[in-house]
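K.L.:
Pasting a structure here, questions to come.
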Amino acid sequence: MARFTLPRDLYHGKGALEALKTFEGKRAVICVGGGSMKKFGFLDRAIAYLKEAGMEVSLIEGIEPDPSVETVMRGAAEMQKFQPDWIIAMGGGSPIDAAKAMWIKYEYPDVTFEDMCKVFGLPKLRTKAHFCAISSTSGTATEVTAFSIITDYQKGIKYPIADFEITPDVAIVDPDLAETMPKKLVAHTGMDAMTHSIEAYVSTAHCDYTDPLALHAIKMIQQDLVDSYNGDMQKRDSMHNAQCLAGMAFSNALLGIVHSMAHKTGAAFADYGAHIIHGAANAMYLPKVIAFNAKNPEAAARYAEIADFMQLGGKSVEEKVRLLIDCLRGMNDALNIPHCIAHYGADSYPTESGFVPEKVFLERLPEIAKNALLDACTGSNPRQPSQEEMEKLLKCCYYDTEVDF
Ligand SMILES: NC(=O)c1ccc[n+]([C@@H]2O[C@H](COP(=O)([O-])OP(=O)(O)OC[C@H]3O[C@@H](n4cnc5c(N)ncnc54)[C@H](O)[C@@H]3O)[C@@H](O)[C@H]2O)c1
Ligand SMILES: [Zn+2]
């Protein structure tokens, strides 16, 4: 038996934020990030709508990008005091993911972070609060997914929490919120969404319910992302839907090792002054992983189907896979994303000499590869790499060399 779970309600289209007016409850806590929602007036609007619905409103502000375990625990303690019956998470993937984990701790104060990370092992939520997610970036689709990514900075590792219990009750997909994104965020989150849809389509857990969502998302992202990056606001709006469709697909079909590698490299070099931003990591690793997975004939056939759906041409399966890889690399160029870690600057732009020194990368490689293999996303990848293969693959992602194994 397989399960397909999505939020009960999804409000979409310009102005959909107004749906908050219709919510029923006594106390709502709004969780936001560093200030973009406040700056652009969306936070004030959300507060006003909830008050109009007769609710008392409290705020948890300042949730940092790539939120930490400590932030989760702090927020849960605030929820414990305020006792909300609605948790409204608003912003990018970071504040929404942090709010999901706070929700678990709020409902079950004795649960530890380790407990939360047991895949599909959460107790029943919604005994205290319901959850609404309002996304302001067009990538993670956490407003519809069963995942939350929290970083343990002591270990330098991102841990996915995965359980349909944390699939939000309500998602609000209002493109107005995405229109204020700076270009770099458009590029990174957009390629994150492309990776979600491609990994979902070739995942071992894909099914008839997830395939059409993944394919349609891929086509929309192919058509809209670069124009959105270059300032076309209609395409920006369309990307907000595309990333959400991708999320519906991968929340149910799961992901693959592009994400395993991104999770385990993202914060691994934080002591060198920067992160490898999630979407940029995916954008760099995706073409390499496609080449690796395509050694499995079934996966190769699925990539060829994607290439056909994108109308990339090509006669043989091999040629179609090659054209898909070329197309994705071309998108990276158009979006100013480097092709490999060696050329990944501290500002995320391509540079001659990236912020991760070769020597440090090679020293940490065995540990990163081991952690990537253990990541929750590895199990549904169409080809299972060995430790040696994962190390080789990560090296290709460092140096931008051909994957021939
Ligand atoms: N839960 C999931 O299913 C899932 C999937 C993929 C990634 N993730 C995680 O999500 C996180 C990344 O989320 P993200 O890419 O959405 O970015 P983010 O939430 O980390 O935000 C990045 C920056 O953009 C700003 N910002 C957000 N929206 C804005 C807007 N509309 N206008 C202007 N500025 C805005 C934020 O203030 C922040 O400084 C990572 O931790 C990643 O691992 C989660
Ligand atoms: Zn992702």
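K.L.:
Of all residues in the range 278-313, count the ones that are closer than 17 Å to residue 394 by Cβ and touching a Phe, Trp or Tyr at 6+ places or on another chain (Cβ under 9 Å).
P.N.:
Filtering the range 278-313 down to residues closer than 17 Å to residue 394 by Cβ leaves 278, 280-293, 295.
With the extra rule that they be touching a Phe, Trp or Tyr at 6+ places or on another chain (Cβ under 9 Å), the set shrinks to 280-281, 284, 290, 292-293, 295.
Qualifying residue count for the region: 7.
K.L.:
Which ones in the range 129-156 are assigned to a loop (DSSP other than H, G, I, E, B), within 15 Å of ligand 2 (Cβ to nearest atom) and not small (Gly, Ala, Ser)?
P.N.:
First, the residues of the range 129-156 that are assigned to a loop (DSSP other than H, G, I, E, B): 129, 136-146, 153-156.
From the residues that got through so far, the ones that are within 15 Å of ligand 2 (Cβ to nearest atom) too are 137-146.
Answer for the range 129-156, where residues must be assigned to a loop (DSSP other than H, G, I, E, B), within 15 Å of ligand 2 (Cβ to nearest atom) and not small (Gly, Ala, Ser): 137, 140, 142, 143, 144, 145.
K.L.:
Answer with yes or no whether residue 94 is within 12 Å of ligand 1 (Cβ to nearest atom), within 20 Å of residue 179 (Cα to Cα) and among the polar types (S, T, N, Q).
P.N.:
When the stated conditions are applied, residue 94 passes them.
K.L.:
Which residue out of 298, 352, 319 is in a helix (DSSP H, G or I) and without any contact (Cβ under 8 Å) to a residue 24 or more places away in the chain?
P.N.:
Numbers: 298 fails: without any contact (Cβ under 8 Å) to a residue 24 or more places away in the chain; 352 fails: in a helix (DSSP H, G or I).
Exactly one of 298, 352, 319 is in a helix (DSSP H, G or I) and without any contact (Cβ under 8 Å) to a residue 24 or more places away in the chain, namely 319.
K.L.:
Further, regarding this structure: Of all residues in the range 34-49, count the ones that are within 23 Å of residue 128 (Cα to Cα) and either surrounded by 22 or more Cβ atoms within 10 Å (Cβ to Cβ) or not assigned by TED's automatic domain parsing to the domain that holds residue 100 (or both).
P.N.:
Selection size over the range 34-49: 1.
K.L.:
Among the residues in the range 68-85, are any in contact with a strand residue (DSSP E or B) (Cβ under 6 Å, 6 or more places away or on another chain), closer than 23 Å to residue 174 by Cα and surrounded by 17 or more Cβ atoms within 10 Å (Cβ to Cβ)?
P.N.:
no
K.L.:
Here is a further query. Which residues, taken from the range 87-106, are closer than 22 Å to residue 40 by Cβ and of a type in the set (A, V, I, L, M, F, W, C)? Let's see the steps before the verdict.
P.N.:
So in the range 87-106, the residues closer than 22 Å to residue 40 by Cβ come out as 87-99.
Across the range 87-106, the qualifying residues are 87, 88, 89, 90, 96, 98, 99.
K.L.:
In the range 98-128, what residues are small (Gly, Ala, Ser) and in a loop (DSSP other than H, G, I, E, B)? Lay out the reasoning, then the answer.
P.N.:
Just the residues of the range 98-128 that are small (Gly, Ala, Ser), to begin with: 98-99, 101, 121.
121 - this is the single residue of the range 98-128 that is small (Gly, Ala, Ser) and in a loop (DSSP other than H, G, I, E, B).
K.L.:
Can you work out which of the residues in the range 26-45 that are farther than 21 Å from residue 98 by Cβ and assigned to a loop (DSSP other than H, G, I, E, B) is nearest to the chain's Cα centre (by Cα)?
P.N.:
41
K.L.:
Under 8 Å by Cβ, and 6 or more places apart or on different chains, what pairs join a residue from the range 241-269 that is within 11 Å of ligand 2 (Cβ to nearest atom) with one that is of a type in the set (Lys, Arg) and outside any helix (DSSP H, G or I)?
P.N.:
Listed pairs, sorted by first residue: 263/158; 266/158.
Per-residue answers, yes or no, for (1) at pLDDT below 95; (2) among the hydrophobic types (A, V, I, L, M, F, W, C); (3) in the same structural domain as residue 382 (by TED's automatic domain parsing):
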{"residue": "159", "(1), (2), (3)": "yes, no, no"}
{"residue": "163", "(1), (2), (3)": "no, no, no"}
{"residue": "192", "(1), (2), (3)": "no, no, yes"}
{"residue": "226", "(1), (2), (3)": "no, yes, yes"}
{"residue": "233", "(1), (2), (3)": "no, yes, yes"}
{"residue": "238", "(1), (2), (3)": "no, no, yes"}
{"residue": "249", "(1), (2), (3)": "no, yes, yes"}
{"residue": "255", "(1), (2), (3)": "no, yes, yes"}
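K.L.:
Restricting to the range 164-212, and then to whatever is surrounded by fewer than 18 Cβ atoms within 10 Å (Cβ to Cβ) and polar (S, T, N, Q), can you tell me which residue is nearest to residue 125 (Cα to Cα)?
P.N.:
This residue is 204.
The values are calculated or read from the model by the stated rules, or taken from the named source; none is laboratory data. Bear in mind the structure is a predicted one, so any value in this text is a computation, not a measurement. Neighbour counts run over all protein chains shown; Cβ positions are idealised from the backbone, glycine included.
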